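Trainee: Once you've had a glance at the structure underneath, I'll fire off some questions.
What follows is calculated from the coordinates using simple rules that are stated; it is not laboratory data. Keep in mind that what you see is a predicted model, and the values were worked out from it rather than measured. Neighbour counts are summed over all protein chains in view; Cβ atoms, including those assigned to glycine, are modelled from backbone coordinates with ideal geometry.
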Amino acid sequence: MRDKIKRKDKFYVYIVKCKNGTYYTGYTNDLGNRIKLHNKGDGAKYLRGKSPVKLVYAKEYRYYKNVLRAERKIKQLRRWQKQDLIKVYEQVQKSKQETPAVSGRN
């Protein structure tokens, strides 16, 4: 009988902006920890010497195969397309902060 592997319920595709202005795209199941690792110089070889990095885009996925597909698609984008994606993400994040919570009580 196969042992069941405990899997995380959430996966994230993310884009970070490096101190030299380049973008790096990756995926993880622990976004906060991954950003900390990148800033410590651990993790992706590409980011060594390019820290600190700033998280500029993140999207949550439930399934591993979907996050891999999303990462591949983002990595194929041109720089201006990534910048457009980041702008939309920033606008959504800003609107979430500005929208007051709606209470069900009158």
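Trainee: Would you indicate which of (1) 18, 16, 13; (2) 25, 23, 15; (3) 23, 16, 12 is the value of semi-axes √(5λ) of the Cα gyration tensor in Å derived from the coordinates of this structure?
Mentor: Among (1) 18, 16, 13; (2) 25, 23, 15; (3) 23, 16, 12, the one derived from this structure is (2).
Trainee: Report the label-to-label distance for residue 54 and residue 86 in nanometres (one decimal), using points 7 Å from each Cα along the Cα→Cβ vector.
Mentor: Between residue 54 and residue 86, the label points sit 0.8 nm apart.
Trainee: Multiplying the sequence separation of residue 78 and residue 36 by 0.36 nm and subtracting their Cα-Cα distance, what value in nm do you get?
Mentor: On the way: separation 42, 0.36 × 42 = 15.12 nm, distance 2.63 nm.
Stretched fully, the residue 78-residue 36 segment lengthens by 12.5 nm.
Trainee: Residues with amide H under 5 Å of residue 61's amide H, sequence separation 5 or more or different chain, H placed in the peptide plane at 1.01 Å from N; which?
Mentor: The answer is 11, 12, 13.
Trainee: Considering the chain as a Gaussian network with a 10 Å cut-off on Cα pairs, which listed residue, 46, 63, 23, attains the greatest mean-square fluctuation?
Mentor: With Cα springs under 10 Å in the chain, the top fluctuation among 46, 63, 23 is at 46.
Trainee: Which ³J(HN,Hα) values in Hz, rounded to whole numbers, follow from the phi angles of the range 43-55 under the Karplus curve 6.51 cos²θ - 1.76 cosθ + 1.60, where θ = phi - 60° and Gly and Pro get x?
Mentor: Result, rounded to whole Hz: x, 5, 4, 4, 8, 5, x, 10, 8, x, 10, 10, 5.
Trainee: I would also like to ask the following. Under 20 Å Cα-Cα from residue 50, which aspartates and glutamates qualify once same-chain neighbours fewer than 8 residues away are excluded?
Mentor: Within the straight-line cut-off, residue 50 pairs with 42.
Trainee: Enumerate the amide H contacts of residue 56 below 5 Å, restricted to partners 5 or more residues apart or on another chain; note that Pro and chain-start residues carry no placed amide H.
Mentor: HN-HN under 5 Å from residue 56: 15, 16, 17.
Trainee: Convert each backbone phi in the range 18-33 into a coupling constant with the Karplus relation 6.51 cos²θ - 1.76 cosθ + 1.60 (shift: θ = phi - 60°), then list the ³J(HN,Hα) values in order as whole Hz, x for Gly and Pro.
Mentor: Those phi angles translate into 7, 5, 8, x, 7, 10, 10, 10, x, 9, 7, 10, 9, 4, x, 5 Hz.
Trainee: Of the listed pairs 36/96; 36/73; 36/59, which have alpha-carbon separations greater than 21 Å here?
Mentor: Pairs exceeding 21 Å: 36/96; 36/73.
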